[in-house]
Amino acid sequence: MMDFLLEAWVSALIEKSKAAWMLGSGKPWRPGEKLKLLFAGYNGTRNTGSDVRPEETLRQLRHILGADNVEFSAMSQNFDLTRGYFSGAEQVHLPDVFPPFLSHEVPKHHGVVVVEGSAFKSKFANALTTMIIGSLGIAAAQNKLAVGYGSEAGQMDPVVAKMCARFCRNSLVITRNEESRTVLRALGVPTELGTDTAWTFEPLPPEYGRKALTDAGWDGKLPVLIVCPINPFWWPVKPSLVKYAARATAGAYKDSHYRTVYFHKSGHDVDAAFERYLTAIAKAVDAFRQRRRVFTILAATEALDARACRRISEKLGGNVPVFTSEEHDMYQMVSILRAGHMMASSRFHGIVTSMPALVPSAGITMDERIRNLMRERGHEDLLMNVDDMDLEAKLLVALEKLATEGERIADGIGRTVVRNLKTMARMGVYFEEEVQRRYPEFPTRKGEWSWEDYLPPMSAGLYSLVEAYG
């Protein structure tokens with residue numbers, strides 16, 4: 001019920017914005033002004049992927065449009081958790097109850113760029129998708145730039161799908177896979193094919209990651225196995241005033257509380273499925289450690305994953321180091337991930353951000369994101385589902401392949417990284433063309449440019465991959 005009220009509220013605000021624009025309210029971009037863009041996403045919760053994506057999108061689009069021509073703002077749910085991020089952009093606070101914020105903030109800009117990956121799906125939270133649709137819808141209603149940049153679409157509840165079809169038809173969504181294009185095209189939303197935007201991210205130097213591992217007990221010689229578990233079964237998050245009141249008065253729903261009025265899915269079935277998943281991973285890792293000498297760590301690249309990491313550490317004897325994004329910012333966390341030699345991950349960006357270092361990885365997936373990535377890499381033999389009844393056995397086989405077929409796996413990873421760099425560059429072209437369509441007098445670059453010119457400045461390591469696999 002609360003999801004429906006939120007969706008109705010945002011829909012009404014989009015219609016109100018359209019009416020106000022037709023009556024002359026609002027300020028369009030004019031030649032000579034800086035182009036003010038608002039970057040909308042799930043930032044500020046110490047989700048490494050959700051913070052890396054806007055970081056690189058901001059860098060890329062500033063590079064393409066010219067730093068002197070633009071003024072960027074990025075949403076953050078907690079300024080303390082995004083301090084030092086999004087250089088050159090103003091951070092604006094996205095509250096949990098966000099409709100008034102969208103109504104007030106979006107019209108202050110000349111356009112919206114959605115930097116959230118899981119933007120158009122009900123898997124995680126209808127509230128997040130409603131926020132994304134509201135951001136694009138208000139901008140499009142005022143005839144402004146409205147672009148989803150590297151977004152993904154999946155199954156949406158009927159009301160949310162209708163909102164998307166109604167309010168995003170004048171937006172452009174550059175998706176990160178063909179499957180997402182299919183979903184959005186069926187709703188009449190214009191799309192182009194792109195990719196994720198994390199490929200160009202550069203963390204702290206390798207020395208940081210190696211020192212962090214050494215401080216945790218690594219001898220500097222043993223292969224490092226990184227495991228990135230999640231709780232795949234407590235989604236979606238939904239608002240509930242009843243649960244909120246019960247928690248406030250009786251302390252109920254403590255374990256499933258997300259924040260304010262939002263609660264994770266809970267119940268015996270959720271707990272049982274989670275326990276099976278954790279046990280399967282722990283048993284597979286334990287069996288692998290008995291076969292091979294490795295140094296194992298658990299990495300929570302999203303603050304919410306810390307519980308899953310600590311539970312597995314306990315099942316492995318309680319002495320497996322746990323690294324969390326609560327304690328390590330995105331520059332530190334990715335440096336640690338790239339210092340590993342093997343990875344088994346249920347986190348999409350755990351895999352993506354480690355790939356430029358050619359870390360062999362296997363995926364334990366809850367949805368289409370890791371599945372699509374493994375198919376692209378040609379590594380479907382390294383793919384499992386979180387609810388596989390034989391997850392333990394499958395994971396053990398995958399870990400053995402990581403240990404024995406690392407060169408083959410790294411080759412597929414390197415080719416995939418370079419292919420996605422080129423796709424990310426093409427996204428920049430699409431974005432530049434959309435800016436020209438909306439604002440023909442905006443001063444875009446002249447002359448001929450190579451594909452690398454549409455990417456933000458890249459590290460020497462990425463250039464080496466381009467030379468090797470380009």
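A few notes on this one:
- Checking Pro321 against (1) surrounded by fewer than 19 Cβ atoms within 10 Å (Cβ to Cβ); (2) under 16 Å from the mean Cα position of the chain (by Cα), the condition it does not meet: (2)
- Residue pairs meeting the criteria (Cβ under 7 Å; at least 6 apart or on separate chains; first without any contact (Cβ under 8 Å) to a residue 12 or more places away in the chain, in the range 99-120; second of a type outside the set (A, V, I, L, M)): Phe101/Pro95
- In the range 253-304, the residues that are in contact (Cβ under 8 Å) with a residue 40 or more places away in the chain, part of a loop (DSSP other than H, G, I, E, B) and more than 30 Å from Ala212 (Cα to Cα): Thr260, Val261
- Considering the conditions (1) part of a helix (DSSP H, G or I); (2) open to solvent by 10 Å² or more (accessible area, probe 1.4 Å); (3) under 29 Å from Lys243 (Cβ atoms), Glu15 is excluded by exactly one of them, (3).
- Test: residue in the range 130-152 that is surrounded by fewer than 21 Cβ atoms within 10 Å (Cβ to Cβ) and more than 15 Å from Ser17 (Cα to Cα): no
- Residue list for the range 311-351, filter: in contact with a Lys or Arg (Cβ under 7 Å, 6 or more places away or on another chain) and among the hydrophobic types (A, V, I, L, M, F, W, C): Val322, Ala339, Phe348
- Arg247 fulfils the conditions (1) in contact with a His (Cβ under 7 Å, 6 or more places away or on another chain); (2) over 30 Å from Leu61 (Cα atoms); (3) open to solvent by less than 70 Å² (accessible area, probe 1.4 Å) except for a single criterion, (3).
- Exclusive hit being without any contact (Cβ under 8 Å) to a residue 40 or more places away in the chain, surrounded by 15 or more Cβ atoms within 10 Å (Cβ to Cβ) and either among the acidic types (Asp, Glu) or touching a Ser or Thr at 6+ places or on another chain (Cβ under 9 Å) (or both), set Met2, Met75: Met75
- Which numbered condition Leu225 fails, given (1) under 19 Å from the mean Cα position of the chain (by Cα); (2) crowded, with 22+ Cβ neighbours inside 10 Å: (1)
The values are calculated or read from the model by the stated rules, or taken from the named source; none is laboratory data. None of these values were measured; they are calculated from a predicted model. Every residue, glycine among them, receives a Cβ derived from its backbone with ideal geometry; neighbour counts consider all protein chains shown. Side chains are part of the model used for accessible areas, which takes the heavy atoms of the whole protein and leaves out ligands, DNA and RNA. Shrake-Rupley method; radii C 1.70, N 1.55, O 1.52, S 1.80 Å.
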